[in-house]
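Working notes, beginning with the structure itself.
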Amino acid sequence: MDDDRQGRRTLYVGIFLVAQATLILEILLTRITSVIAWYHLAFFVIALAMLGMTAGAVLVFLRPGWFAPAAIGRRLAETSLWGAIVSPLALAWVMASPLVPVTDFMSFFALVGTGAALALPFAFFGVTLTLALTRAGLPPGRAYGVDLVGAAAGALAVIPLLDRLDGGSAVLAAAAVAALGAAAFAIGARERGLLVRAGIAATLLIGLAGLNHAAEVPPLRPAWVKGQREDPATLEIVTWNTHSRVDVSPVLLEAPMFWGAGRNMPPEAITPRPTRTLRIDGAAATPMVELGAGPADHAYLDWDVATFAHRLRPLGPAAVIGVGGGRDVLAALRSGHAPVVGVELNRDIVDLHRGRLRDFSGIAGLEGVELVADEARSFLTRDRRSYAVITMSLIDTWAATGAGAYSLSENGLYTVEAWERFLDRLDPDGIFTVSRWYLRGAPGETARMIALAMEALWRRGVADPRAHIIVLQEKRTATLLLSPTPFSDADLDQMQREAVRLGFNMLMTPRKAPIHPLLAELAALPSRDALARWADAQLLDLTPPTDARPFFFSMLRPQTWLFGQVDTEGLDHGFLGNLRATQTLVYATLASLLLTVIALLVPLGLRRRELAGVPRGALLAACAYFGLIGLGFMFVEIGLLSVVGVFLGHPTLALAVVLGGIILATGVGSLLSSRIPVEEGRRAWLYPLIPALLIVAARLAAEPLTDAFAASGAGARIGLSLALIAPPALGMGLGFPLGLRLVSARALAVDLGPWLWGINGAFGVCASGLALAVSMIAGVPTTMTIGALCYLALLPATALLSRR
């Protein structure tokens with residue numbers, strides 16, 4: 001009896017460790033592929049890789065002879081050990097190969113091959129967890145609960161892991177955790193040889209992680225970044241965190257970088273200066289110019305269209321959203337602003353300014369400069385100071401275009417609610433200035449920026465938004481100046497003199513309507529209703545983004561997603577690919593749907609004789625049940641990530657609280673599922689009402705609660721976030737274990753458990769893309785509603801499965 005109890009404990013330890021390692025590897029895969037490839041390609045590859053979990057479950061179902069009851073313990077240890085060994089090899093293969101945009105069949109085939117390579121370790125872990133949850137003889141609720149608690153621990157563990165290690169070393173460390181899980185399974189199965197091998201593997205992997213991280217140039221690192229071979233000699237500093245890799249180049253003598261340099265700029269303004277380049281995920285670059293003699297030594301900044309607001313408001317407090325290399329902070333200091341508060345989402349960049357690059361950058365040591373590592377919207381909501389100028393110049397690392405886990409950290413800055421908060425932080429005649437890309441033939445992004453400004457002003461009760469808006473343009477950049485009060489005649493006279501002197505185009509001012517037909521139509525709109533009708537009639541989606549639909553960068557309409565009847569090359573800067581990214585999301589979702597259909601039909605075909613003995617109604621009900629809980633869970637998770645992610649602001653905090661909180665609360669719900677007697681109670685089949693009603697309650701409470709506590713401190717916002725997340729997650733945790741118990745109670749001729757686990761996982765992968773698409777089209781509340789409906793739709797299945 002004691003041996004049996006000890007064996008179960010080691011099984012639970014093994015499940016916990018393998019689930020933890022799997023979640024860590026999923027997040028690391030997201031992080032590393034986002035460095036190697038553009039974010040939308042990373043999403044595609046990750047979707048394919050996650051289907052490896054489904055492949056492992058389907059394998060258990062198709063080959064029951066390989067997993068006989070007497071061999072379960074040994075197979076658990078073997079598959080988790082192979083997963084630990086293969087994980088760094090698969091990631092090494094991917095890091096050694098370029099991931100290029102899909103332009104033809106061969107490039108598509110190469111991308112699928114990369115996804116297949118990454119799917120291999122997840123297939124091994126899929127076998128492990130499927131056996132543990134469906135064949136190890138453990139109570140379903142407890143086993144699934146331990147699995148989810150382990151995954152939640154993985155979501156929390158990845159934060160300190162990437163704070164201390166680089167991406168490649170973190171993969172080796174995560175693989176070591178999986179090897180320790182294999183050791184736990186080996187102890188439970190009394191497999192001494194496997195225990196020794198797992199112990200050796202764990203020791204080697206931990207040692208390799210330390211050696212890799214200690215190396216001046218880590219051997220296990222991305223060799224290709226955004227399709228280009230990366231030369232380690234061009235990287236003097238490299239840091240990793242949960243939402244970016246930041247690398248810094250050596251000092252080079254370079255001409256200053258301009259978003260839009262004035263046509264009248266003198267030649268001496270472009271004199272080369274000692275410069276470093278900071279890159280986020282190998283692509284989004286920002287220059288850091290040596291401070292030299294101080295802000296007075298950086299007169300070239302005055303000729304950039306992005307700094308024009310300082311010509312109208314040269315004094316008073318200023319805030320900079322996105323410090324980057326420090327150029328906007330220097331521009332504000334040059335003008336005479338004090339203090340200058342630089343708010344930077346990426347703590348690693350702030351640490352560089354304060355630490356290793358303090359002498360070179362210099363801004364952290366200047367009087368009147370305050371650098372804050374925080375999400376700008378969250379910080380400015382809590383900050384009670386008012387500012388003469390708030391600057392937001394080209395703030396996007398392009399993550400927001402790619403449907404990545406942290407996309408809302410940037411999309412959340414470009415919503416009506418966010419801009420209302422920024423306007424609230426201005427002096428009565430202060431200026432909020434935003435610079436975005438401008439394409440002369442199709443200025444869609446500029447038009448959406450202006451529409452967003454007009455909507456924010458109308459919501460504040462402004463009758464004539466045009467009196468509050470100035471838009472200047474030079475080359476590929478348009479700069480918006482937005483004020484809570486109308487610009488005075490003196491402001492407009494000064495603006496015209498300076499624009500002519502510097503050589504900027506006055507695209508739209510209170511005295512001058514735009515020339516471009518699209519912008520002219522927009523500027524002439526008289527009301528919010530007229531703006532809504534006009535935006536609906538446009539080729540691109542130019543509606544002002546809101547917190548309910550916070551996707552500023554996603555402007556393709558649904559019919560364009562599906563049929564591609566619009567030439568995206570002519571609608572966007574080719575180097576950004578914002579519009580093509582949305583199409584790639586659709587392709588990834590369609591590919592996932594196809595593979596999910598295969599996962600459903602192939603087992604039906606290969607085991608059709610055995611399945612012929614299963615009542616058709618029960619078989620359909622079981623498939624529908626586990627498919628629906630996979631869809632419903634992911635729709636709710638994506639919705640909660642969106643709502644709470646914007647509320648909390650910082651992506652690292654959102655990862656720990658939202659992802660960790662959802663998984664942990666779901667695990668607790670699974671552990672509590674044993675208290676519901678689905679096999680006996682006459683009305684127990686009604687339990688899907690619990691998650692459905694809790695999801696609806698969270699959806700209705702989210703907006704008023706987050707609005708009411710938006711200015712609260714981090715502790716209060718974390719507590720409220722957990723209060724929103726926990727109830728629906730607890731309810732959703734009931735779904736999987738109770739479903740398994742219902743199917744098991746039918747005493748069917750075939751053990752469907754592994755196949756149903758695979759169906760659940762496959763539908764969950766599909767739902768990640770579908771939920772994001774629904775959020776883009778109809779808004780986050782609709783996504784949450786669909787999640788609730790999925791759980792409500794379980795009732796016919798539970799009613800049928802509960803019959804005896």
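Report D for the chain in µm² per second (integer): Stokes-Einstein, Kirkwood Rh on Cα pairs, 20 °C, 1.002 mPa s. Please report the intermediate quantities before stating the final value.
Details: Rh = 27.8 Å.
D = 77 µm²/s.
Per the Debye formula on identical point scatterers at the alpha carbon atoms of the stretch 439-483, with no solvent, log10 I(q)/I(0) at q = 0.19, 0.26, 0.31 Å⁻¹ is -0.58, -0.92, -1.14.
When the square roots of the Cα gyration tensor eigenvalues are ordered a ≥ b ≥ c, the ratio a/c for the stretch 231-285 is 1.5 or more and a/b does not exceed b/c, which makes its shape oblate. The relative contact order of the chain, computed from alpha carbon pairs under 8 Å that lie at least 6 residues apart in sequence, is 15 percent.
With one equal scatterer per alpha carbon and no solvent term, the Debye-computed log10 I(q)/I(0) for the stretch 165-205 at 0.17, 0.27, 0.30, 0.31 1/Å reads -0.42, -0.78, -0.89, -0.93.
Extension gain for the segment residue 354 to residue 493, taken as residue separation times 0.36 nm less the Cα-Cα distance, is 46.0 nm to one decimal. Please state, rounded to one decimal and in Å, the Kirkwood hydrodynamic radius that the stretch 424-465 gives when every pair of distinct Cα atoms enters the mean of 1/r. Kirkwood hydrodynamic radius for the stretch 424-465: 11.8 Å. When the Cα gyration tensor is reduced to axis lengths a ≥ b ≥ c, the ratio a/c is 1.5 or higher for the stretch 698-740, and with a/b not above b/c it is classed as oblate. Taking a label point 7 Å from the Cα of residue 284 along the Cα→Cβ vector, which residues of the stretch 216-258 have an amide N closer than 16 Å to it? Inside the label zone: 226, 239-248. For the stretch 307-392, what class follows from the C-alpha gyration tensor (a ≥ b ≥ c being the square roots of its eigenvalues): rounded when a/c is under 1.5, otherwise prolate if a/b is larger than b/c, else oblate? Verdict is oblate for the stretch 307-392. Electrostatic bookkeeping for residue 60 treats Lys and Arg as +1 and Asp and Glu as -1; over the other residues with beta carbon under 14 Å from its beta carbon, the sum is +2. Our summary of shape: the Cα atoms of the stretch 192-232 have principal axis extents of 47, 21, 8 Å, ordered from largest down, in whole angstrom. Label-to-label distance for residue 714 and residue 63 is 4.8 nm, based on points extended 7 Å past Cα in the beta-carbon direction. Accessible area per residue was computed with a 1.4 Å probe on protein heavy atoms; residue 774 scores about 30 Å². Near residue 259: Cβ cut-off under 11 Å, other residues only, Lys/Arg at +1 and Asp/Glu at -1. The net charge is +1. Label zone (residue 612, point 7 Å along Cα-to-C-beta; backbone nitrogen cut-off 18 Å) within the stretch 721-758: 749-751. Could you check how many percent of all C-alpha pairs in the stretch 469-534 are farther apart than 17 Å? Summing the P(r) tail past 17 Å for the stretch 469-534 gives 46 percent. Put simply, the stretch 646-804 fits an ellipsoid with semi-axes of 32, 17, 15 Å; these come from the alpha carbon gyration tensor as the roots of five times its eigenvalues, largest first. What number comes out for the charge environment of residue 182, summing +1 per Lys or Arg and -1 per Asp or Glu over other residues with Cβ under 15 Å away? After counting each charged neighbour, the total is +3. Length gained on full extension, residue 533 to residue 196, computed as 0.36 nm times the residue gap minus the Cα-Cα distance: 114.4 nm.
Sequence-distant contacts, meaning Cα pairs under 8 Å at least 6 residues apart, place the relative contact order of the stretch 160-226 at 41 percent. Kirkwood radius for the stretch 619-719, taken over all pairs of different Cα atoms as the inverse mean of 1/r, rounds to 15.6 Å.
The Cα trace of the stretch 67-224 gives Rg and Dmax of 17.2, 52 Å, the first to one decimal, the second as a whole number.
Roughly to the nearest percent, how much of the accessible area of the chain is carbon and sulfur, given a 1.4 Å probe? Taking all protein chains in place, the chain shows 62 percent carbon and sulfur surface.
Rolling a 1.4 Å probe across the protein heavy atoms gives the chain an accessible surface of 37 Å² per residue. With all pairs of different C-alpha atoms in the average, the Kirkwood value for the hydrodynamic radius of the stretch 183-268 is 17.9 Å.
The values are calculated or read from the model by the stated rules, or taken from the named source; none is laboratory data. Model, not experiment: these values are computed from the prediction. Using ideal geometry, Cβ is built from the backbone for each residue, glycine included, and neighbour counts are taken over all protein chains shown. Heads up: the accessible areas ignore ligands, DNA and RNA and are worked out on the full protein's heavy atoms, side chains in. Shrake-Rupley method; radii C 1.70, N 1.55, O 1.52, S 1.80 Å.
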